[in-house]
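A quick write-up on the structure given underneath.
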Amino acid sequence: MCGIVGYIGKQDAKEILINGLKRLEYRGYDSAGIALLNDKEIIIKKSVGKVQNLENKITDIEDEFSLGIAHTRWATHGEPTEINAHPHLDCTSKIAVVHNGIIENFNILKKYLIEKGHKFLSETDTEVFAHLIESNYKGDFLEAVLLSLKECVGSFAFAIVHKDHPDTIIAAKKGSPMVVGIGNGENYLASDVNAITSFTNNIIYVNEEEVVILKKDSYKFVSFQNQKLEKQVVQIEADLQNIEMSNFPHYMLKEIFEQPHTISNAVRGRLNFEEANVRLDGLYAVVDKIKKAKNYILAGCGTSWHAALIGEYLFNNFVRTNVKVEYASEMRYKNTYIDDSTICFFISQSGETADTIAALREAKRREATCLGVCNVVNSTIARETSSGVYLHAGPEIGVASTKAFTSQVSVLTLISMFIGRLIGRVSFEEAYNTLKELSLLPEKVEKILHNSTFIENIAEQFYKANNALFLGRGINYPVALEGALKLKEISYIHAEGYPAAEMKHGPIALIDENMPVFVIATKDFLYDKVINNIKEVKARRGKVIAIANEDDKEIQKSVDHVIYVPNTIPVLAPILNIIPLQLFAYYVAVRRGLDVDKPRNLAKSVTVE
Ligand code: G6P
């Protein structure tokens, strides 16, 4: 998390950096800061809160600046105050540093630097790096940075400027993402391409342990050992329309409403009805591995982990081989059994989640076949896996993931079907029917979205709740988890998801007349049991809101509200059932007057452990 942007060139850096920061705000938004340089001076401005506050602070600066670096922060070390906001300076106030990641040995370094007489102002780990460069600086900026990098343990992306070198930005990457944008007489730096695609489409991805020396007319890459590196410029397509809000009040609502389109994109060109099969170019390369695979692991964090849980049910259904779901953050330290007959799928919208990357590297070390299920093209996970399947959902900006989730589940359906067909576990008929139903989902999602006012009205009745329970069984249990996560992420209401039958083992104690209980009650072989669970809630005077199939009129008698969704086959029901829960969370948060796209304490891309 934290977003970095840098600019050097013929235009005034101020506007470009603020524009870039706004596009990176999803990475953190508790404070922001900027360092601006020209031949005369270095100016540092910081503010607490959103980038807009920083912009307000610099509007009265009339001078133009040919280079600068800027930062939007998600606090790790030290509260979100102006002092802790980046950039951080050395004792001479000549060196300014912005940083994403964690310098794990900062305490030792800080102690050592204090003993040498350095004065620290903030509680951050980042400030250490500015002082390290100062202590290593003998007139050669690059040499000082390289020496300082050698002393840092952890994961980081840095951008650094030095007042005595007003023609250079130096950036370094180890563990946290960084891209360089190449312009004409100007160059850019950013934590992700979205921050700079409105300025240039020519991108260079900075790899692990690389340093870039950026000037307005040139760039040079070296390794941490100062070996010159040749880099490839890639042309990326600017997806500007997708990163605008269009006419929606929030990105989250826009992204919820995009789902008919994004689900179509996830399956487009991949359904082969003639052979009742799935085309996935990214899996053809590992067909031999799949044939020999003894076990599968699906790993991710947050919403991606919920998609993985649904994936487990899909694998059970179509692949019928050992499959485990792992929190990526746990997997990296757990002695999960992995060998060269294991296939791991790393599921990540951003492709930059630090824990998922670490789990991937550990699985690779143990010789598993590692595949990515990512949305962001060319992200770290996409690059570090041998191949995989993209979601093609377009940029997701709202911190609470919505469209990526339904795309992940759609893609996991394709993957499990591909494997199931390859190893002969799924009949032609079952495959054909599943794919047919999958292709019908976009219009069914559209139908649910048409009902959004009804869901808004339900939100109006419950927006003051302090707690909420979400229940589901079988493949809909992860949907309950995801519904609860959406509500807590953006409305700060305490919400829990449970397998409906587990309710009796604890959560039932919480139920009273004030407790809204969402029950996913679409038709499958567990339907009657779910109805019994509803009765148990009603017997304790809980308020039940059921998600049910449109032809299930009977259920109205047992519950307080019913949100109807179109019928589909049970394995695909999660993709429809989550939509009303996303909308409910959205409308509750709006009604509570909260910032839906930038919920407190969260960040879209968690690039620290
Ligand atoms: C953060 C985001 C979540 C997301 C999770 C995993 O916590 O706020 O919305 O689900 O990271 O992110 P990934 O990009 O790996 O899917």
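The values are calculated or read from the model by the stated rules, or taken from the named source; none is laboratory data. Given the structure is predicted, the values throughout are model-derived calculations rather than measurements. Cβ atoms come from the backbone with ideal geometry, glycine included; neighbour counts cover every protein chain shown.
Could you please give the count of residues in segment 490-513 that are closer than 10 Å to residue 467 by Cα and of a type outside the set (Gly, Ala, Ser)? Number satisfying all stated conditions: 6. Could you list, in sequence order, all residues of segment 115-132 that are more than 22 Å from residue 82 (Cβ to Cβ) and of a type in the set (A, V, I, L, M, F, W, C)? Scanning segment 115-132 gives a single hit, 132. Of the candidates 62, 55, the single residue that is touching a helix residue (DSSP H, G or I) at 6+ places or on another chain (Cβ under 7 Å) and more than 21 Å from residue 162 (Cα to Cα) is 55. For segment 537-554: of the residues being more than 37 Å from the chain's Cα centre (by Cα) and surrounded by 12 or more Cβ atoms within 10 Å (Cβ to Cβ), which is nearest to residue 576 (Cα to Cα)? Restricting to residues being more than 37 Å from the chain's Cα centre (by Cα) and surrounded by 12 or more Cβ atoms within 10 Å (Cβ to Cβ), the top hit is 538.
When you check residue 110 against the structure, is it modelled with pLDDT of 95 or more and part of a loop (DSSP other than H, G, I, E, B), yes or no? The answer is no for residue 110. Screening 596, 571 for residues that are within 16 Å of the ligand (Cβ to nearest atom) and buried (at least 16 other Cβ atoms within 10 Å of the Cβ) leaves exactly one candidate, 596.
Residue pairs, Cβ under 8 Å, 6 or more apart or interchain, first in segment 339-360 and over 18 Å from residue 409 (Cα atoms) and among the small types (Gly, Ala, Ser), second part of a helix (DSSP H, G or I) and within 9 Å of the ligand (Cβ to nearest atom). List them. That search, which allows pairs on different chains as well, returns 358/328; 359/328. Scan segment 182-193 residue by residue and report those that are at pLDDT 90 or above, under 12 Å from residue 23 (Cβ atoms) and not in a loop (DSSP other than H, G, I, E, B). Residues satisfying the conditions are 188, 190.
When you scan segment 272-284, do you find a residue that is crowded, with 23+ Cβ neighbours inside 10 Å and within 16 Å of the ligand (Cβ to nearest atom), even just one? Scanning segment 272-284 turns up no residue that is crowded, with 23+ Cβ neighbours inside 10 Å and within 16 Å of the ligand (Cβ to nearest atom).
Taking the numbered list (1) modelled with pLDDT under 90; (2) buried (at least 20 other Cβ atoms within 10 Å of the Cβ) in turn, residue 246 passes all entries but (2).
Summed over segment 327-364, residues that are out of contact with any strand residue (DSSP E or B) (no Cβ under 9 Å at 6 or more places or on another chain) and within 17 Å of residue 289 (Cβ to Cβ) total 0. Residue 465 - would you say it is outside any helix (DSSP H, G or I) and away from the ligand (no atom under 16 Å from the Cβ)? Yes: the conditions hold for residue 465. Here the strands (runs of 3 or more DSSP E) wholly within segment 320-429 that include at least 1 residues being buried (at least 24 other Cβ atoms within 10 Å of the Cβ) and within 10 Å of the ligand (Cβ to nearest atom) are 342-348, 369-374. Report whether or not residue 307 is within 11 Å of the ligand (Cβ to nearest atom), in a helix (DSSP H, G or I), within 30 Å of residue 424 (Cβ to Cβ) and in contact (Cβ under 8 Å) with a residue 40 or more places away in the chain. Criteria met by residue 307. Only one of the numbered conditions (1) outside any loop (DSSP other than H, G, I, E, B); (2) touching an Asp or Glu at 6+ places or on another chain (Cβ under 6 Å) is violated by residue 155, and that is (2).
Taken over segment 116-140, residues that are hydroxyl-bearing (Ser, Thr, Tyr) and under 28 Å from the mean Cα position of the chain (by Cα) amount to 2.
Does residue 564 meet the test of being outside any loop (DSSP other than H, G, I, E, B), more than 26 Å from residue 510 (Cα to Cα), touching a residue at least 40 places away in the same chain (Cβ under 8 Å) and not hydrophobic (A, V, I, L, M, F, W, C)? Against the criterion (outside any loop (DSSP other than H, G, I, E, B), more than 26 Å from residue 510 (Cα to Cα), touching a residue at least 40 places away in the same chain (Cβ under 8 Å) and not hydrophobic (A, V, I, L, M, F, W, C)), residue 564 qualifies. The numbered conditions (1) in a helix (DSSP H, G or I); (2) modelled with pLDDT under 95 are all true for residue 134 except (2).
Looking at segment 51-73, I want the residues that are surrounded by 15 or more Cβ atoms within 10 Å (Cβ to Cβ) and have a partner that is part of a loop (DSSP other than H, G, I, E, B) and of a type in the set (Asp, Glu) with Cβ atoms under 7 Å, at least 6 apart or on another chain. Which pairs are those? Hits for this filter: 65/12; 73/30. Is it the case that residue 539 is within 16 Å of the ligand (Cβ to nearest atom) and among the small types (Gly, Ala, Ser)? In short, no.
Out of segment 58-90, which residues are β-branched (Val, Ile, Thr) and either more than 28 Å from the chain's Cα centre (by Cα) or farther than 12 Å from residue 2 by Cα (or both)? Matches in segment 58-90: 58, 59, 61, 69, 81, 83. Going by the structure shown, is residue 144 buried (at least 20 other Cβ atoms within 10 Å of the Cβ) and under 18 Å from residue 43 (Cα atoms)? When the stated conditions are applied, residue 144 does not pass them.
Being within 24 Å of residue 94 (Cβ to Cβ), out of contact with any Gly (no Cβ under 8 Å at 6 or more places or on another chain), modelled with pLDDT of 95 or more and outside any loop (DSSP other than H, G, I, E, B) is true of residue 213. Taking the conditions (1) away from the ligand (no atom under 16 Å from the Cβ); (2) touching a strand residue (DSSP E or B) at 6+ places or on another chain (Cβ under 9 Å); (3) touching a residue at least 12 places away in the same chain (Cβ under 8 Å) in turn, residue 486 satisfies each one other than (1). Scanning segment 192-216 for residues that are under 24 Å from residue 148 (Cα atoms) and among the aromatic types (Phe, Trp, Tyr) returns a single hit, 205.
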